[in-house]
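Worksheet: the structure to be examined is printed underneath.
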Amino acid sequence: MAGSAKYSRGTNGRGAAAGRGRARGQDAPAKRNAHACFDVVGDVHGCLVELLELLKALGYGVRRRREDFAVTPPQGRTLAFVGDLVDRGPAAPGVLRLVMDMARAGTALCVAGNRDVELVRAMKGRVTQVSRGMARTLEQLAAQPKEFRAEVVRFLRELPSQLMLDAGRLVIAHAGLKEALQGRASAGARAFALHGEVTHERDASGLPIRKNWAAEYRGKALVVHGHTPVSAPEWLNNTVSLDTGCVYGGHLTALRYPERETISIPAKAIYYAPRRTFAANRTLGVRR
Ligand SMILES: [Mn+2]
């Protein structure tokens with residue numbers, strides 16, 4: 001049903017916030033509220049309508065001021081994005097404005113996705129073969145003021161490839177990150193965080209085959225990522241994938257941390273045809 005959101009608890013959850021921080025006494029929960037409560041949003045790909053609906057479902061207040069957004073998070077919470085804000089979808093400039101406005105206000109964090117990095121290269125004329133999805137984003141940006149485009153380039157260029165939050169207990173990286181690369185500033189760590197661990201083989205549709213690093217993950221930090229669309233939020237060891245293919249007619253998903261609950265908003269349309277077969281989970285986003 002349009003407008004309904006599904007709440008579910010990760011099967012791999014560690015009993016939410018129970019116990020954590022209690023040893024420090026009475027004001028520990030408040031301290032945790034101030035520093036370690038995040039709502040992490042999966043790959044948005046220009047799906048502004050679903051993002052606004054998701055924010056509402058998460059309890060964020062959203063006011064529009066002409067083109068810009070004033071977003072008020074619930075007390076003590078911070079929004080975070082796993083990257084791939086742009087490419088393929090219908091409203092990349094609106095999504096960028098919202099995230100950039102929030103980042104400026106200190107209410108949102110974001111890591112770079114491979115498509116965000118590719119957009120900067122495309123805007124600088126460094127891409128020889130622009131994909132259909134990226135051409136759509138470039139066209140949308142061409143209708144925006146020149147100053148805004150310059151801000152977009154500055155913003156995307158400065159995005160980190162990984163975030164370590166909650167004293168190292170939470171890692172956010174677009175394509176995920178194995179334990180050995182967490183907190184590392186190397187080019188290898190950045191490449192992994194942006195693209196994952198790719199083999200040199202390609203599948204039947206010509207896409208690089210990705211190794212499933214999460215299957216071998218034994219790290220202490222919860223790794224929250226996106227990048228490869230899945231029909232429903234996927235928990236594996238201490239990792240969770242939030243790319244539920246909104247732009248392909250799936251859902252836009254957020255993870256509430258430390259609660260380890262996910263909320264998924266159904267896409268209003270199939271905005272882009274996937275190259276790999278993508279089956280949206282029809283039971284997600286429908287209240288039972
Ligand atoms: Mn990606």
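Since every read-out is calculated from the coordinates, none of them should be taken as a lab result. The structure presented is a predicted model; accordingly, all values stated were derived computationally and were not measured. Glycine gets a Cβ as well: all are built from the backbone with ideal geometry, and neighbour counts include every protein chain shown.
Pull up segment 235-259, narrow it to residues that are among the hydroxyl-bearing types (S, T, Y) and within 16 Å of the ligand (Cβ to nearest atom), then point me to the one that is nearest to W213 (Cα to Cα). I'd like the intermediate steps shown before the answer.
Taking segment 235-259 and keeping what is among the hydroxyl-bearing types (S, T, Y), we get 239, 241, 244, 248, 253, 257.
If we keep only those that are within 16 Å of the ligand (Cβ to nearest atom) as well, we get 239, 241, 244, 248, 253.
Details: T239: 10, S241: 12, T244: 19, Y248: 24, T253: 21 Å.
Looking at the filtered set, the residue picked out is T239.
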Q) Of all residues in segment 49-69, which are loosely packed, with under 14 Cβ neighbours inside 10 Å, small (G, A, S) and touching a strand residue (DSSP E or B) at 6+ places or on another chain (Cβ under 6 Å)? A) G61
**Q.** Out of V95, V111, V127, V82, sole residue that is within 16 Å of the ligand (Cβ to nearest atom), over 22 Å from S186 (Cβ atoms) and buried (at least 21 other Cβ atoms within 10 Å of the Cβ)
**A.** V95
Q: Go through segment 179-205 residue by residue and tally those that are over 17 Å from L236 (Cβ atoms), of a type outside the set (D, E, K, R) and without any contact (Cβ under 8 Å) to a residue 40 or more places away in the chain.
A: 13
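Please find, among R275, R210, the residue that is loosely packed, with under 15 Cβ neighbours inside 10 Å and more than 15 Å from L54 (Cβ to Cβ).
Working: R210 fails: loosely packed, with under 15 Cβ neighbours inside 10 Å.
Of R275, R210, the one residue that is loosely packed, with under 15 Cβ neighbours inside 10 Å and more than 15 Å from L54 (Cβ to Cβ) is R275.
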Q) How many residues are in contact (Cβ under 8 Å) with a residue 40 or more places away in the chain and surrounded by fewer than 18 Cβ atoms within 10 Å (Cβ to Cβ) when one looks only at segment 98-108? A) 1
Q: Check every one of the strands (runs of 3 or more DSSP E) wholly within segment 180-240 and list those with 2 or more residues that are out of contact with any Ser or Thr (no Cβ under 6 Å at 6 or more places or on another chain).
A: 198-202, 208-210, 222-225
